[in-house]
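See structure below.
The values are calculated or read from the model by the stated rules, or taken from the named source; none is laboratory data. These numbers were taken from a predicted model, which means no experiment stands behind them. Using ideal geometry, Cβ is built from the backbone for each residue, glycine included, and neighbour counts are taken over all protein chains shown.
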Amino acid sequence: MKLIANTEFGGERPLFASHDLHLDNVTIREGESAIKECSNIVATNCRFEGNYPFWHVHGFTIKDCYFDVGGRSALWYSDHLKMSNTVIDAPKMFREMNDIDIENVEMNDADEVFWRCNRINIKNLKLHGGTYPFMFSNDIRVDGLESDSKYVFQYVKNVEIRNAKITTKDAFWEVENVTIYDSELNGEYLGWHSKNLRLVNCHISGEQPLCYAHDLILENCTFDADCDRAFEYSTLNADIRGAITNIKNPTSGRIVADSIGSITIDENIKAPANCEIKTRN
């Protein structure tokens, strides 16, 4: 592997079609597509300021690096990436990619990141700002996530999340086969129109959570007092610890809680309208 160290590149495509290359302490200045159509690339202690540096790259490692705001849309149409100990201030990262491993990464403008990606493994990720992270992505494993980005994990499939703190409305809309363990989920309208969403040991806050959900499962979960009109038109099996403020028109299934503030069943409930709702003795 050829080593290039302690230098900088700018302009358009300075390292186009490079292979078996290690960049150490290299700065990519203003320009476009610095490392395009490359393979077997290692970048350590590098700084990326130009647009679109890693497009159509196959097999690469990014460690201890920084992506400036100018390094937007940096990683598209690529595969087999390992990224660690990296800070990203640029938006629209990770698009149409496969086989991504992320560890100890902070993204400070998480706008439209991880779109249409497959097979993502994440450990300790921080997402700040931006909208719609992870949209349309599949086969995601997360252990350690802190996010205040808006509308996270919409239209995703086959996801497992552990030890997350997520603060946004409209999270997990239209998802399928998603399990979340030991996490804090804050924000209105959580999990609407989901299929096979399972929450285990989670704390939920925000109004109108988990409506229009199909085959929803809650195990040992707790709810904030602001969680009113929960489960409207959902089919579910819910084990709730502590109190829940209000349950409205669940379609079918079973709900058990230590206490229930109120239950709303009105003329708008949908068939089969046979959900069992009870307090724990």
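Laid out as a table, the results:
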| quantity | calculated |
| --- | --- |
| Pairs with Cβ under 9 Å, 6+ apart, first in region 1-17 and farther than 20 Å from SER39 by Cβ, second charged (D, E, K, R) and outside any strand (DSSP E or B) | GLY10/GLU49 |
| Subset of region 226-252 [surrounded by fewer than 19 Cβ atoms within 10 Å (Cβ to Cβ) and on the phi > 0 side of the Ramachandran plot] | ARG229, TYR233, GLY242 |
| Which listed residue is out of contact with any His (no Cβ under 9 Å at 6 or more places or on another chain), within 24 Å of ALA164 (Cα to Cα), at pLDDT 95 or above and of a type outside the set (Phe, Trp, Tyr), from ASP101, ASP89 | ASP89 |
| In region 18-42, the residues that are more than 20 Å from GLU96 (Cβ to Cβ) and in contact with an Asp or Glu (Cβ under 9 Å, 6 or more places away or on another chain) | SER18, VAL26, THR27, ILE28, ARG29, GLU30, GLY31, ASN40, VAL42 |
| Number of positions in region 22-39 that are crowded, with 21+ Cβ neighbours inside 10 Å and assigned to a strand (DSSP E or B) | 3 |
| Qualifying positions in region 165-199 - closer than 12 Å to PRO133 by Cβ and aliphatic (A, V, I, L, M) | ILE166, ALA171 |
| Residue count, region 159-194 (criterion: touching a Pro at 6+ places or on another chain (Cβ under 9 Å) and not in a loop (DSSP other than H, G, I, E, B)) | 1 |
| Residues of region 40-60 classified as farther than 15 Å from ILE4 by Cα, of a type outside the set (Phe, Trp, Tyr) and not in a loop (DSSP other than H, G, I, E, B), total | 3 |
| Number of the condition not met by PHE136 [criteria: (1) more than 18 Å from MET97 (Cβ to Cβ); (2) touching a strand residue (DSSP E or B) at 6+ places or on another chain (Cβ under 7 Å); (3) surrounded by fewer than 17 Cβ atoms within 10 Å (Cβ to Cβ)] | (1) |
| Verdict on LYS169 being within 26 Å of THR251 (Cα to Cα), at pLDDT below 95 and within 14 Å of the chain's Cα centre (by Cα) | yes |
| Residue under evaluation ALA90, criteria (1) part of a strand (DSSP E or B); (2) aliphatic (A, V, I, L, M); (3) crowded, with 23+ Cβ neighbours inside 10 Å, criterion not met | (1) |
| Residues (of a type in the set (Val, Ile, Thr) and either part of a loop (DSSP other than H, G, I, E, B) or at positive phi (or both)) located in region 137-158 | VAL152, VAL156 |
| Residue check, ILE204 surrounded by fewer than 21 Cβ atoms within 10 Å (Cβ to Cβ), β-branched (Val, Ile, Thr) and in a strand (DSSP E or B) | no |
| Answer residue from region 251-281, given it is charged (D, E, K, R) and under 22 Å from ASN201 (Cβ atoms) and is modelled with the lowest pLDDT among those | ARG280 |
| Filter result (crowded, with 22+ Cβ neighbours inside 10 Å and among the β-branched types (Val, Ile, Thr)) within region 163-201 | ILE166, THR168, VAL175, ILE180 |
| Count of region 73-83 residues which are part of a loop (DSSP other than H, G, I, E, B) and surrounded by fewer than 19 Cβ atoms within 10 Å (Cβ to Cβ) | 2 |
